[in-house]
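For reference, the structure discussed in these notes is given below.
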Amino acid sequence: MRKFLCALSLSLVAASAFAQTVSFKDPAGDDDGPGTYTYPTDAVYARGSFDLTGFTLKVNGAKTDVSVTFNSNLADPWSMGSGFATQMVFVFIDKDHKTGSGYTKAFSGLNVEFAPESAWEKAIILSPQQPARVKTEVEQKAADLQKDVIIPARTRGAGRTVTASIDTAALGEGDPATWAYQVVVQSNEGFPSGTDLLTRKVNEYEGQHRFGGGNDGDCDPHAIDLLAGEGTGAKEEADLQHKMLAYECAADGSVKKLAVISTVHAKK
């Protein structure tokens, strides 16, 4: 009986140690990438629907729940069956904050890279596409990252929030409260260009299904919103986002200076 009680006590301690939540806020109104981006003209891209306002990761033993909240109600105009359709979210996790550890490259089509000290070890893709389609895209376009990419079995949108549940084991060892995170908001593109991973391009001028305010080449960051600063939602974090996403293009539209982004540390 004593051994049973000891084992039970230890299991409860372990469970409580891993029942934890990390959360971040992002200021409203900064869904403009480096400060210049404009929404596509089609009505399905509702104003505020790419404006990240919050992110939460909650570990509940064997399962971990993630949620991303926007500044507008979600909709499913393309009948994706997931409760949302136009958004696409990439969650990057930097587990050790060590230069030379992890990946500094991002998925093709985002046109950003990570600062060396913010290299990521795990990434979660939240997409309205069927998991099988996302998996195939990753296999074909990000094979070198595939082993560290997590694709939830089901991703749902309701109200203003996209949610998913993943196996905690997929995140690997470590304390999520000590990790750093980056949440990149993009748009679900069912017919991506070339090697782009289901991402929508940003052009110089907005079109029916194209964001504007960028460049017609492939040198501008295709990120509409992301976390910045300390992830508290302070107004100045919008300016920090704009600085992170600063870029330069050559005359032919090729990259002169790629946008370099950083992760945001969780607060204990």
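Side notes on the structure shown:
- Subset of segment 209-219 that is part of a loop (DSSP other than H, G, I, E, B) and in contact (Cβ under 8 Å) with a residue 40 or more places away in the chain - its residue that is surrounded by the most Cβ atoms within 10 Å (Cβ to Cβ): Gly214
- Check on Gly102, small (Gly, Ala, Ser), on the phi > 0 side of the Ramachandran plot and buried (at least 18 other Cβ atoms within 10 Å of the Cβ): yes
- Residue tally, condition touching a residue at least 24 places away in the same chain (Cβ under 8 Å) and within 20 Å of Ala228 (Cα to Cα), over segment 73-111: 17
- Asp76 vs. criteria part of a loop (DSSP other than H, G, I, E, B) and either at pLDDT 95 or above or surrounded by 15 or more Cβ atoms within 10 Å (Cβ to Cβ) (or both): yes
- For segment 45-59, the set of residues classified as in a strand (DSSP E or B) and either in contact with a helix residue (DSSP H, G or I) (Cβ under 8 Å, 6 or more places away or on another chain) or farther than 30 Å from Lys95 by Cβ (or both) consists of Leu57, Val59, listed by residue number.
- Among the residues making up segment 144-167, those that are outside any strand (DSSP E or B), within 18 Å of the chain's Cα centre (by Cα) and farther than 28 Å from Ala46 by Cβ are Leu145, Gln146, Lys147, Asp148.
- Of all the residues in segment 132-143, those that are exposed (fewer than 13 other Cβ atoms within 10 Å of the Cβ) and either outside any helix (DSSP H, G or I) or among the small types (Gly, Ala, Ser) (or both) number 2.
- Near pairs, Cβ below 7 angstrom, 6+ apart or cross-chain, from segment 28-56 (farther than 21 Å from Leu126 by Cα and polar (S, T, N, Q)) to any residue that is at pLDDT 95 or above and assigned to a strand (DSSP E or B): Thr38/Phe211; Thr38/Gly212; Thr41/Gly207
- Qualifying residue in segment 220-240 (condition: in a loop (DSSP other than H, G, I, E, B), modelled with pLDDT of 95 or more and of a type in the set (Ser, Thr, Tyr)): no
- Each residue in segment 118-131 was checked for being in a loop (DSSP other than H, G, I, E, B) and in contact with a helix residue (DSSP H, G or I) (Cβ under 9 Å, 6 or more places away or on another chain), and 3 pass.
- Close pairs (6 angstrom Cβ cut-off, 6 or more residues apart or separate chains): more than 14 Å from Phe92 (Cβ to Cβ) and aliphatic (A, V, I, L, M) in segment 164-181, modelled with pLDDT under 95 and surrounded by fewer than 19 Cβ atoms within 10 Å (Cβ to Cβ) anywhere: Ala177/Gln20; Ala177/Lys268
- Of the residues screened, Pro152 is one that is at pLDDT 95 or above, surrounded by 18 or more Cβ atoms within 10 Å (Cβ to Cβ), within 26 Å of Ala266 (Cα to Cα) and not charged (D, E, K, R).
The values are calculated or read from the model by the stated rules, or taken from the named source; none is laboratory data. This is a predicted model, so every value here is computed, not measured. A quick note on method: Cβ atoms are made from the backbone with ideal geometry, for glycine too, and the neighbour counts reach across all protein chains shown.
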